[in-house]
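The values are calculated or read from the model by the stated rules, or taken from the named source; none is laboratory data. As the structure is a prediction and not an experimental result, all values here were calculated from the model. Note: ideal-geometry Cβ built from the backbone for every residue, glycine included; neighbour counts use all protein chains shown. Side chains included, ligands, DNA and RNA excluded: accessible areas come from the protein's heavy atoms. Shrake-Rupley method; radii C 1.70, N 1.55, O 1.52, S 1.80 Å.
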Amino acid sequence: MQELREMTRHREGLVERKTQVKNEIRKVLETAGYKLPPFEKKTKEIVRKLATDEKLTDEEIKEYSKLLGRKLTRIEAFILKQLLDLLNIIEEQIKEVENEIMKFLPEEAVELTKIPGIGPISAATIYAELGDVSRFESSKQAASYAGVSGLSRAGRPNFTTVSSRGISTYPAFYSLLQGPLRTRPNLMASIKPC
């Protein structure tokens with residue numbers, strides 16, 4: 001379990017770095033007046049061309065004319081290319097780590113994938129942080145340990161605040177549950193001890 005926890009936390013760190021690099025790419029493009037969504041399939045190629053000073057096709061210019069900015073300076077293009085290269089490296093590392101995580105995935109974690117919105121990587125992260133849920137007497141106790149039990153506001157659970165106890169210092173687990181908990185407040189109650 002320790003190895004699985006180390007791997008899922010390492011992956012979370014890589015995902016955070018990926019987000020930072022994407023934000024830096026956006027900043028370079030915005031500084032030069034580009035309004036392109038840089039990570040969509042169609043516009044990724046344009047961003048790559050901008051970084052390598054490759055000429056855009058007439059079709060690309062026509063289709064994206066309102067989203068294009070000024071010509072990047074040599075330094076901006078250099079930085080953009082390096083950031084794109086770094087992004088590719090990080091994305092490859094994330095894939096490698098995810099493949100390793102799948103090797104450590106115990107049957108108990110596979111059971112978590114039966115919950116809508118929880119895939120194998122999320123299940124591995126939850127399992128790595130919570131461990132065997134049968135050690136908890138109730139779903140309330142598990143949620144409290146996870147730091148997502150929240151306070152009640154007007155009879156409705158509040159999952160926007162993380163408690164300072166348990167594993168709440170690990171944002172990976174908390175962020176995994178944010179979506180499902182907002183749409184299904186009784187989600188933790190549906191997780192039965194093994």
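For 30, 137, give the ranking by accessible area with the largest first, probe 1.4 Å.
Highest to lowest solvent-accessible surface, that is 137, 30.
Once you have a ≥ b ≥ c as the square roots of the Cα gyration tensor eigenvalues for segment 84-124, tell me rounded if a/c is under 1.5, and otherwise prolate or oblate according to whether a/b is larger than b/c. Mind showing how you got there, number by number?
Working: a/c = 6.29, a/b = 2.17, b/c = 2.90.
Oblate, since a/c reaches 1.5 and b/c is not below a/b.
What lysines does residue 18 reach when the alpha-carbon gap must be under 19 Å and sequence neighbours fewer than 8 apart in one chain are set aside?
Hits, sequence-local ones excluded: 27, 41, 44, 81, 95.
Sum up the charges of everything whose Cβ sits under 12 Å from the Cβ of residue 10, counting Lys and Arg as +1 and Asp and Glu as -1, but leave residue 10 out.
Cβ neighbours under 12 Å give a net charge of -3.
Please state the relative contact order of segment 1-69 as a whole percent: Cα pairs under 8 Å, 6+ residues apart?
Across segment 1-69, relative contact order equals 30 percent.
Roughly how many whole Å is it from the C-alpha centroid of segment 44-109 to that of segment 1-39?
Each part's Cα centre sits 11 Å from the other's.
Just to confirm a number: summing +1 for Lys and Arg and -1 for Asp and Glu over residues other than residue 89 whose beta-carbon lies under 12 angstrom from that of residue 89, what do you get?
Charge balance in the 12 Å sphere: -1.
Choose one of 32, 84, 105: the residue whose Cα lies farthest towards the positive end of the charge dipole of segment 23-121 (beta-carbon charges +1 Lys, Arg; -1 Asp, Glu; about the Cα centre).
Value: 32.
Sorting 78, 136, 39, 104 by accessible area (1.4 Å probe), largest first, what list results?
If we order 78, 136, 39, 104 from most to least accessible, we get 78, 104, 39, 136.
Counting only the heavy atoms of the protein chains, how much of residue 102 is accessible to a 1.4 Å probe, in Å² to the nearest 10?
That residue has around 90 Å² of solvent-accessible surface.
In Å², what does the accessible area per residue of segment 1-89 work out to with a 1.4 Å probe? Could you put the intermediate results ahead of the total?
On the way: 6050 Å² over 89 residues.
Result: 68 Å² per residue.
In whole percent, what relative contact order does segment 8-132 give with Cα contacts below 8 Å and a gap of six or more residues? The partial results should precede the final answer.
Working: 94 pairs, mean separation 38.6, N = 125.
It rounds to 31 percent for segment 8-132.
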